[in-house]
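Engineer: This is the structure, below, for whatever I ask next.
The values are calculated or read from the model by the stated rules, or taken from the named source; none is laboratory data. Quantities reported herein were computed from a predicted structural model and do not represent experimental measurements. Counting neighbours? That spans all protein chains shown, and the Cβs are built from the backbone with ideal geometry, glycine included.
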Amino acid sequence: MKIMNFSYHILLYLLVLSNCSAESQDPLGDFCNKDSTKISNGTQISQNIDSLLAELVPKTASTGFLATTYGENQDQVYGLAQCRGDVVGTKDCSSCIQDAAKQIRQRCPNQADARIWYDYCFLRYSDKSFIGEVDTSYGIFYYNVDNVTDPEKFNEELGALTDKIRKQAVVPESGGLGKGETKLSPFVTLYALVQCTRDLSKLGCSQCLAIAVGNFPTFCNNRKGCRVLYSSCYVRYELYPFFYPLDSNNTLHAVDDNNVMAIAYP
């Protein structure tokens, strides 16, 4: 199993989470690999990327995942698209993949290696094979700027919950998804979700999630919420519900006026 390496980029910026909905949303982040093959409109590789995206969108919308290739020889391109496991088969999935395919070409028009992350989906393509490989070379980290009031108890419960859902995610029938919740008090519930891309082996998924969760002490220590997004896996926890299905007493939402720090690293 090979860990992919790319040039490192650092970007720091402040964001505010928007409410979750099936409407078009801005990406959580993107990566246009400036060290990859340069492309321009009309070239064979550019046409192959367009054809690849045209295949990825409808198939991913119906099945939730697709990893495929298009073209031959030096113009061959590889692509992967996946919806978050709890929205497969919904409008959230199909609209997200459509937006991703459109935005990735607009944001990375001249790079043969590009990725884009949304709340409900992830899409990438490259002229180099990456399917089945663990890629944690570039990550995006979101964390809530507010701290929890009882760090010791919180971190203990968070560790137990993430251990539990990581075990769910590596079961072949799970589609790489693990999610759960735990009561911190009668009025406070911790929610967490992990997701691997479905091209990974059980070992690859486990490795990626271990790396992702391993960032918590550095980027998210004692924070009320955190997200770690890699090209091969995704981890998130919050003190509000953000995944489906919902308890009858809950609605899917983000906390109003809650500033969230985002870091793209390295």
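Engineer: Quick check, is Ser24 surrounded by fewer than 23 Cβ atoms within 10 Å (Cβ to Cβ), farther than 17 Å from Ser231 by Cα, modelled with pLDDT of 95 or more and not assigned by TED's automatic domain parsing to the domain that holds Phe243? If you could, list the steps in order and put the result at the bottom.
Structural biologist: Working: surrounded by fewer than 23 Cβ atoms within 10 Å (Cβ to Cβ): yes; farther than 17 Å from Ser231 by Cα: yes; modelled with pLDDT of 95 or more: no; not assigned by TED's automatic domain parsing to the domain that holds Phe243: yes.
Answer is no for this residue.
Engineer: If you check Gly64 against the conditions, is it crowded, with 18+ Cβ neighbours inside 10 Å, in contact with a Cys (Cβ under 6 Å, 6 or more places away or on another chain) and either modelled with pLDDT of 95 or more or under 20 Å from Ser126 (Cα atoms) (or both)? Lay out the reasoning, then the answer.
Structural biologist: Working: crowded, with 18+ Cβ neighbours inside 10 Å: yes; in contact with a Cys (Cβ under 6 Å, 6 or more places away or on another chain): yes; either modelled with pLDDT of 95 or more or under 20 Å from Ser126 (Cα atoms) (or both): yes.
Considered against the rule, which asks whether it is crowded, with 18+ Cβ neighbours inside 10 Å, in contact with a Cys (Cβ under 6 Å, 6 or more places away or on another chain) and either modelled with pLDDT of 95 or more or under 20 Å from Ser126 (Cα atoms) (or both), Gly64 comes out as yes.
Engineer: Going by the conditions given, is Asn249 modelled with pLDDT of 95 or more and surrounded by fewer than 22 Cβ atoms within 10 Å (Cβ to Cβ)?
Structural biologist: Details: modelled with pLDDT of 95 or more: no; surrounded by fewer than 22 Cβ atoms within 10 Å (Cβ to Cβ): yes.
Considered against the rule, which asks whether it is modelled with pLDDT of 95 or more and surrounded by fewer than 22 Cβ atoms within 10 Å (Cβ to Cβ), Asn249 comes out as no.
Engineer: Taking Ser137 as the residue in question, decide whether it is assigned to a loop (DSSP other than H, G, I, E, B) and within 15 Å of the chain's Cα centre (by Cα).
Structural biologist: In short, yes.
Engineer: Go through the residues of segment 197-206 one by one and say whether even a single one is buried (at least 18 other Cβ atoms within 10 Å of the Cβ), within 19 Å of Gly159 (Cα to Cα) and out of contact with any Lys or Arg (no Cβ under 9 Å at 6 or more places or on another chain).
Structural biologist: No, segment 197-206 has no match at all.
Engineer: OK, next. Anything in segment 162-193 that is surrounded by 20 or more Cβ atoms within 10 Å (Cβ to Cβ), among the hydrophobic types (A, V, I, L, M, F, W, C) and out of contact with any Cys (no Cβ under 7 Å at 6 or more places or on another chain)? List them, or say none.
Structural biologist: If the condition is that a residue be surrounded by 20 or more Cβ atoms within 10 Å (Cβ to Cβ), among the hydrophobic types (A, V, I, L, M, F, W, C) and out of contact with any Cys (no Cβ under 7 Å at 6 or more places or on another chain), then Ile165, Leu177, Leu190, Ala192, Leu193 are the ones that fit.
Engineer: List the residue pairs whose Cβ atoms are under 6 Å apart, where the first residue sits in segment 23-36 and is under 15 Å from Leu123 (Cβ atoms), the second is in a loop (DSSP other than H, G, I, E, B) and at pLDDT below 95, and the two are 6 or more positions apart or on different chains.
Structural biologist: Asn33/Phe6
Engineer: Kindly check whether there is at least one residue in segment 46-57 that is farther than 17 Å from Gln195 by Cα and assigned to a loop (DSSP other than H, G, I, E, B). Full working, then the answer.
Structural biologist: Just the residues of segment 46-57 that are farther than 17 Å from Gln195 by Cα, to begin with: 46-57.
Still in the running and assigned to a loop (DSSP other than H, G, I, E, B): none.
No: zero hits.
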